[in-house]
Amino acid sequence: ARAELTGTIQEEAERLNRFIANLLDMTRLESGALTPRMEPADLVDIVGSALRRASAVLSGHRVELDLAPDLPQVKLDSVLFEQVLFNLLDNAAKYTPVGTAIRIAALRDGTLVRLRIMDEGDGIPPEDLERVFDKFYRVQAADRKRAGTGLGLAICRGFVEAMGGSIIASSRGDRRGAVFTITLPALAAVQAL
């Protein structure tokens, strides 16, 4: 009983820590105090780091990786981008049944790199595809185990746009589920400008 209680306390402390970090991040975004440290980065490394950090929230899911071998480097803030990935993975785990797959795919698309986080949940209603990025907005899902704050996706959009990229939400075409697509310029395209 003690071990179970200790585990619950640890989980709730980590959740509270993420909530406070999200509030601070949103405050930094809104005040203009956020200045990304843009450096060449390898997406594969950042994905690996985000997966290690999110291992506890993803423990009930299968994680599938489909990262193209020819991914170019991108210019971004690795710390901020890891937070974006963590928020997307945490969101996917909240909105999908235990045992389902969460897929991370990345590929080169001309001068761009597209990274997708796909889940096997109920998806996002068409009228909410843009609203999910609003502060404090949450799609209704009665069977969710963990409540969200409605800040994670707003922070994702703010961070990605601060790094010169874009992020959109859509529904999967091949099955049920949501897709979050991040588009960033490849480093070679950035250097050519």
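Quick notes on this one:
- The packing ranking of peptides 162-168, 181-187, highest mean first, is 181-187, 162-168, where packing means the average number of other beta carbon atoms within 10 angstrom of each residue.
- Label sites at Thr8 and Val79, each approximated as a point 7 angstrom past Cα along Cα to Cβ, lie 3.5 nm apart.
- Look at the alpha carbon pairs under 8 Å that are at least 6 residues apart: their mean separation over the length of the range 1-92 gives a relative contact order of 37 percent.
- Between Ile102 and Arg62, Val63, Glu64, the built amide H atoms are under 5 Å apart, and every one of these is 5 or more places off in sequence or on another chain.
- With the convex hull constructed from alpha-carbon coordinates only, the range 1-72 shows a mean projected area of 7.2 nm² over all directions.
- Summing charges over neighbours of Ser49, with a neighbour being any other residue whose Cβ is under 14 Å away from its Cβ, gives -2 when K and R count +1 and D and E count -1.
- 222 nm mean residue ellipticity, helices alone, for the chain (DSSP H n ≥ 4; -39,500 (n - 2.57); rounded to 500): -12500 deg cm²/dmol
- Our summary gives the chain a relative contact order of 23 percent, counting only alpha carbon pairs under 8 angstrom and 6 or more residues apart.
- Taking 0.36 nm per residue of separation and subtracting the current Cα-Cα distance, fully stretching the chain between Ser31 and Arg53 would add 5.2 nm.
- Only Lys, Arg (+1) and Asp, Glu (-1) charged, at Cβ; the range 12-158 dipole about Cα centre in debye: 300 debye
- Cα-based Rg and Dmax for the range 61-100, where Dmax is the largest Cα-Cα distance (Å): 12.9, 35
- Percent of C-alpha pairs per 10 Å bin, the range 32-124, short to long: 16, 46, 30, 8
- Shape box of the chain [Cα atoms, principal axes, largest first, Å]: 59, 40, 34
- Convex hull of alpha carbon positions in the range 152-191: directionally averaged projected area 3.6 nm².
Quick note: the coordinates plus some simple rules give every number you see, no bench work behind them. The shown structure was predicted, so the numbers you read here are calculated from the model rather than taken from an experiment. All Cβ positions, even for glycine, are placed from backbone atoms using ideal geometry, and neighbour counts span all protein chains on display.
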